[in-house]
1. Looking at the range 6-75, I'd like the Rg to Rh ratio, where Rg is from alpha-carbon atoms and Rh is Kirkwood's inverse mean 1/r.
2. Work out the FRET efficiency for residue 59 and residue 11 from their Cβ-Cβ distance, taking R0 = 35 Å, and round it to the nearest 0.05.
3. By count of other Cβ within 10 Å, fewest leading, how are 24, 6 ordered?
4. At residue 24 and residue 4, where each label point lies 7 Å from the Cα along Cα→Cβ, what is the point-to-point distance in nanometres?
5. Place +1 on the Cβ of every Lys and Arg and -1 on the Cβ of every Asp and Glu in the range 6-75, take the dipole about the Cα centre, and give the residue among 20, 51, 33 whose Cα lies farthest towards its positive end.
6. Give me the dipole magnitude in Debye, nearest 20, for the range 6-75 about the Cα centre, with unit charges on the beta carbon: positive for Lys and Arg, negative for Asp and Glu.
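Values quoted throughout were computed directly from the atomic coordinates according to the rules given, and no laboratory measurement underlies them. Please read these numbers as outputs of a predicted model, since none were measured by experiment. Glycine gets a Cβ as well: all are built from the backbone with ideal geometry, and neighbour counts include every protein chain shown.
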Amino acid sequence: MQDVPREKLQVAGTYYERVTGEWRKATDALEELVQSYPRLQGGGEANPYAMLGDLYEMHGLYEEAAGKTRPALQIVPNHLPPS
């Protein structure tokens, strides 16, 4: 399942979100990241989850945002979403 290196997925998600504004491609890359690397949560990496929550929230998908933000808050309780 881990065909694409996690760093590449992280960069792709950030690129699509911040450079091209293609939020669906950003969410696709980040969703693949968190699904392909379930140990991210156990390893203390909250950022992909927070980025997903932020993207969903910005597009009015509040249930999805809450669902993706919860793991980030479990990993790092005082985590702020990326800006």
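1. On the way: Rg = 11.0 Å, Rh = 11.7 Å.
Checking Rg against Rh, the ratio lands at 0.94.
2. Approximately 0.95, to the nearest 0.05.
3. Numbers: 24 10, 6 17.
Fewest to most other Cβ atoms nearby, the residues stand as 24, 6.
4. Once both label points are built, they end up 1.5 nm from each other.
5. Selected residue: 33.
6. On the way: 8 positive and 11 negative charges, 38 e Å.
With only Lys, Arg, Asp and Glu charged at Cβ, the dipole is about 180 debye.
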